[in-house]
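Just below is one structure, and these are the notes that go with it.
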Amino acid sequence: MKKKSHVKPIGNAKREILLFAERILVVIAVLCLSFVFMNSFLNMQTSYGAFYHSQVSVLERNEAYEDQEVFRDLMLGNMQQIVDFVTIRHQLETDGAYDTDKMINISEYAIKAGAASGEGATAVYSLDDLVKWGNYGFSYKTVVGTWEELNLLFKGNSATYVNEDGSFMEIKNAETQIREDAGSLGLAPSEKDKYAMEILVDRYKTVNGKSLMECASNVEEYEYLKDNLEYAAVSLFENYTEYMRLTEVYDSANTNIGYCLRIPSDDRMIYYTNSDINFRNKSVDEITSTVKGLGGKFLYFNPDKVQLSTNTEFQSSQLRAMLKEHGTTFRDDSRVWFWVDTAYPAADDLYVGREMVWQIMPYYWQLLGGAGVALLLAVWILCYLTPKEGYIQSEDRILPRTKRSDRFPLELWVILAGIPEVFLGMLTLQLIRAYSNGSIGYAWLPVAFGGIVFVANELFVRGYFSVIRRIHSKILWRTTFACFLLDRIRRFCVNTYRNGGLVSRTWIPYLIFLMVNLILVLLGLGGIIGAFLLDILVGVYLYRDRRDRIRIVEGIESIKKGEVHYRIDTERLHGDNLVLAESVNSIGIGIRKAVETSMKDEKMKADLITNVSHDIKTPLTSIITYVDLMKRENIENEKVRNYLEVLDSKSQRLKQLTDDLVEASRISSGNIHLQMEHINFVELLRQALGEFSERFEERKLQIVTRLPENALTVEADSRQLWRVMENLFQNVAKYALEGTRVYVETEEVTEGKARKVVFSAKNISSQPLDLSPEELTERFIRGDQSRRTEGSGLGLSIARNLMEAQGGDLKIALDGDLFKVILELPLAVE
């Protein structure tokens, strides 16, 4: 049997070259497709001022140009422009020619256009004067006067009030602003107030030779006429400009679109057309027949009946919407004809659109072929590398190899790679939409597509080869999240099986109970009664089991509270409850023995400290006595006196230390007698402050107190409470920063039904406090860790134990170098 051989691994350099070639081929394919996509768009500037942008399908190129969407869009835009053009012609022409002497009622013109409302004064100008006025612009003079004086200008004798320079009274930049729309607002101007009014300089007169001021009878009418004149002149000049442009655009020699629009005017019909055919005195059917006979595309629209006759795909709703914009011009009995010379002799929008459609996508099949070849080569490279991926040559063996990223769950890799792929797809759609709208240029789209596809292809290739390496290393399933989940389910099942005793004691009896109940119920009435009795028995059993479990819990709670001699009665217990109760009793016995051993050790330690302290006290007392005797002698040697001072100081400190040790030992062992009595805490605090006032002054500490005026009575041992206050103030005198303030406060606090006295002392420490509040109340812990000051480190520990022994509490709070101690004692009930 032949041994199966592996494919020879590929070198890393060769692999990278092939992968680079694959990326380039994919980008080339995408560039070819993007050029196909981009060349399917038509972009052109139309004669009606819009930039036309549309996509042409390759299949649509086989249709006649007149049946394509491009033709319909361009035709519709030109028809709209022609309707606008005819509306302007109707304003400016008489009998088909521009009429410079045509009379324009400026108020009527503004009302029709929606620029003015209501009825009022009017003036009639010639069309040519209004157009020229709109071209050259307007100039004004400012007159100032009272409201009555301004109205006199319109009484026919304005020359009496106008100065030679054309101003009324004076020309100036009026400080009082002209009152706009004074008449329409119904305001009654004061006869004494002065107003400024802009008088329009009459460049041209009305057809009757009057000035604009002579056509008004008061200020309000003059302002109304002036606004209408300005609007009419500007609007007609703009229309005239557009009229001259469109006259050339839609001249029969310059466009392939013919039109004939019939508009009723007074008692006759006016025909507007760019054709040499005379449509006057012809019926609608005759005109329609004539238009059809011209050949090409045509349409006839009757807006009265919303009737459309055409060989195009236009809808009557499109023509109706087009004419609706000019409702004042296209009234009842209007008719519309359009036709197109499909030989396209003129180079208009339709001609340019046809030429661009014919020239679109010149290398369509070549680009598609190039894209297909590039994609096939890229796929071939992937197929070539697939069997070689994930193997390395190790001496004479070929071994599978994975990368660190291959250890990630496969589903996670798919998600991490898929999210960017989706994002890139959405970005591609946005780019296509932007190009379709003309938002981005021709040159940017291939670059954007190439970059997007390069990144997307990179993510795909990395994920694909990761899967291949996992397959070759036979870890594909093991590196999936599904495998992880199923493994956890398997472990759960295994653990359930291994804990079969628990299952057999719970679920199996429960299922048997359900099955027995079901069987008994199916047996009829007798079975139902039997099931009821069985349920009662099971309920009694569960009740007794629960009652025994509660007894065990109560025993555990008793032991937890310190009743180490408590034992659970196991006489009527059975099963798991019996085992649990015996275990709890054993724990109680063990705790009792541990407590007894601990108390014995604590007693031995206290006895040792007491005995050692007593043995030290005897020689220490002698030393202190003899030092005191020697100090009474008249010793003249200065050095000897200094030595005696040192001996006295150190012996006193040693005596204090032994006293503190004995005191701390007695308190911790409970060997302390308290004589509780009612004490005025405020008075005790004042005495303590007076006792330590000299020491505070030596350290330049300023005591700031806030004490109540009334007495606060607590129940405590006066000697031990004094010891607590003494330790606290000694701590302040030793460790407070020199020259600072110490805040001492006492107050009565009520918490629920409990009332207590709260004392607090705050000071700034002279040494950094890098300890926790709990550590400061332990034995032999000092805030001055360098031990440059006197102290045993027992003061706060003794104070805390004494407060607890008297039913109170001592707390310490630290905030940086701020040291705060708090004492709490219940308020005594009188």
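Looking across region 373-417, the residues that are at pLDDT 85 or above and of a type outside the set (Val, Ile, Thr) come down to Ala374, Leu375, Leu376, Leu377, Ala378, Trp380, Leu382, Cys383, Tyr384, Leu385, Pro387. Kindly check whether there is at least one residue in region 648-658 that is in contact with a Ser or Thr (Cβ under 7 Å, 6 or more places away or on another chain), β-branched (Val, Ile, Thr) and modelled with pLDDT under 75. Checked region 648-658: at least one residue is in contact with a Ser or Thr (Cβ under 7 Å, 6 or more places away or on another chain), β-branched (Val, Ile, Thr) and modelled with pLDDT under 75. Residue selection: Leu385 fails the criterion of being in contact with a helix residue (DSSP H, G or I) (Cβ under 7 Å, 6 or more places away or on another chain), over 26 Å from Arg280 (Cα atoms) and open to solvent by 20 Å² or more (accessible area, probe 1.4 Å).
Show the residue pairs meeting these rules: Cβ distance below 9 Å; 6+ apart or different chains; first residue within region 462-491 and within 20 Å of Glu16 (Cβ to Cβ); second residue among the polar types (S, T, N, Q). From residues that are within 20 Å of Glu16 (Cβ to Cβ), the pairs are Arg462/Ser405; Tyr464/Thr386; Phe465/Thr386; Ser466/Thr402; Ser466/Ser405; Ile468/Thr386; Arg469/Thr402; His472/Thr402. How about region 473-494: which of its residues are among the charged types (D, E, K, R) and not in a helix (DSSP H, G or I)? Result: Lys474, Arg478. Report yes if some residue within region 491-503 is open to solvent by 40 Å² or more (accessible area, probe 1.4 Å) and modelled with pLDDT of 75 or more; otherwise report no. Checking region 491-503: at least one residue is open to solvent by 40 Å² or more (accessible area, probe 1.4 Å) and modelled with pLDDT of 75 or more.
Restricting to region 388-412, give me the number of residues that are part of a helix (DSSP H, G or I), open to solvent by 40 Å² or more (accessible area, probe 1.4 Å) and in contact with a helix residue (DSSP H, G or I) (Cβ under 6 Å, 6 or more places away or on another chain).
Count: 1.
Scanning region 701-733 for residues that are in contact (Cβ under 8 Å) with a residue 40 or more places away in the chain and over 17 Å from Ser760 (Cα atoms) gives Glu715, Ala716, Asp717, Ser718, Arg719, Gln720. Scanning region 782-827 for residues that are on the phi < 0 side of the Ramachandran plot, open to solvent by less than 60 Å² (accessible area, probe 1.4 Å), in a loop (DSSP other than H, G, I, E, B) and modelled with pLDDT under 80 gives Arg782, Gly783, Asp784, Thr789, Ser792, Leu794, Gln806. Considering only residues that are in a loop (DSSP other than H, G, I, E, B) and either hydrophobic (A, V, I, L, M, F, W, C) or touching a helix residue (DSSP H, G or I) at 6+ places or on another chain (Cβ under 8 Å) (or both), look in region 297-310 and name the one that is farthest from Asn256 (Cα to Cα). Per the stated criteria, the residue is Val306. Contact map, region 272-289: first residue under 13 Å from Leu261 (Cα atoms) and in contact (Cβ under 8 Å) with a residue 24 or more places away in the chain, second residue open to solvent by 50 Å² or more (accessible area, probe 1.4 Å) and part of a loop (DSSP other than H, G, I, E, B), Cβ cut-off under 7 Å, separation 6 or more or different chains; pairs are Asn274/Asp251; Asn274/Ser252.
With respect to being assigned to a strand (DSSP E or B), out of contact with any Cys (no Cβ under 6 Å at 6 or more places or on another chain), buried (at least 17 other Cβ atoms within 10 Å of the Cβ) and of a type in the set (Lys, Arg), Arg262 fits the description.
Within region 212-259, the residues that satisfy the criterion of being within 20 Å of Asp349 (Cβ to Cβ), part of a helix (DSSP H, G or I) and not hydrophobic (A, V, I, L, M, F, W, C) are Glu242, Tyr243, Arg245, Thr247, Glu248. Within region 352-387, restricting attention to residues that are of a type in the set (Phe, Trp, Tyr) and in a helix (DSSP H, G or I), the residue that is nearest to Asn78 (Cα to Cα) is Trp358.
Being within 56 Å of the chain's Cα centre (by Cα), in contact (Cβ under 8 Å) with a residue 60 or more places away in the chain and buried (at least 18 other Cβ atoms within 10 Å of the Cβ) holds for only one residue in Ala123, Ala110, and it is Ala110.
Evaluate region 199-206: report whether one residue or more is under 30 Å from Thr142 (Cα atoms) and assigned to a helix (DSSP H, G or I). No; the residues of region 199-206 include none that is under 30 Å from Thr142 (Cα atoms) and assigned to a helix (DSSP H, G or I).
Is it fair to say Gly137 is open to solvent by 50 Å² or more (accessible area, probe 1.4 Å), free of Cβ contacts under 8 Å to residues at least 12 places away in the same chain and under 16 Å from Val234 (Cα atoms)? It is false that Gly137 is open to solvent by 50 Å² or more (accessible area, probe 1.4 Å), free of Cβ contacts under 8 Å to residues at least 12 places away in the same chain and under 16 Å from Val234 (Cα atoms). Could you tell me whether Ile88 is under 24 Å from Leu261 (Cα atoms), in contact with a strand residue (DSSP E or B) (Cβ under 6 Å, 6 or more places away or on another chain) and either aromatic (Phe, Trp, Tyr) or in contact (Cβ under 8 Å) with a residue 24 or more places away in the chain (or both)? No; evaluated as a whole, the condition is false for this residue.
Output the residue which, of all residues in region 469-488 that are modelled with pLDDT of 85 or more and aliphatic (A, V, I, L, M), is least open to solvent (accessible area, probe 1.4 Å). Per the criteria, the residue is Ala482.
Can you name every residue in region 305-337 that is open to solvent by 40 Å² or more (accessible area, probe 1.4 Å) and closer than 17 Å to Tyr271 by Cβ?
Selection gives Arg331, Asp332, Asp333.
Whether any residue in region 300-319 is in contact (Cβ under 8 Å) with a residue 40 or more places away in the chain and either over 57 Å from the mean Cα position of the chain (by Cα) or farther than 30 Å from His53 by Cα (or both) is what I want to check. No.
The values are calculated or read from the model by the stated rules, or taken from the named source; none is laboratory data. What you are looking at is a predicted structure, and each value in this text was computed from that prediction instead of being measured. Glycine also receives a Cβ, built like all others from the backbone with ideal geometry; neighbour counts cover every protein chain displayed. The protein model used for the area step is the full one, side chains on, heavy atoms only, and it has no ligands, DNA or RNA in it. Shrake-Rupley method; radii C 1.70, N 1.55, O 1.52, S 1.80 Å.
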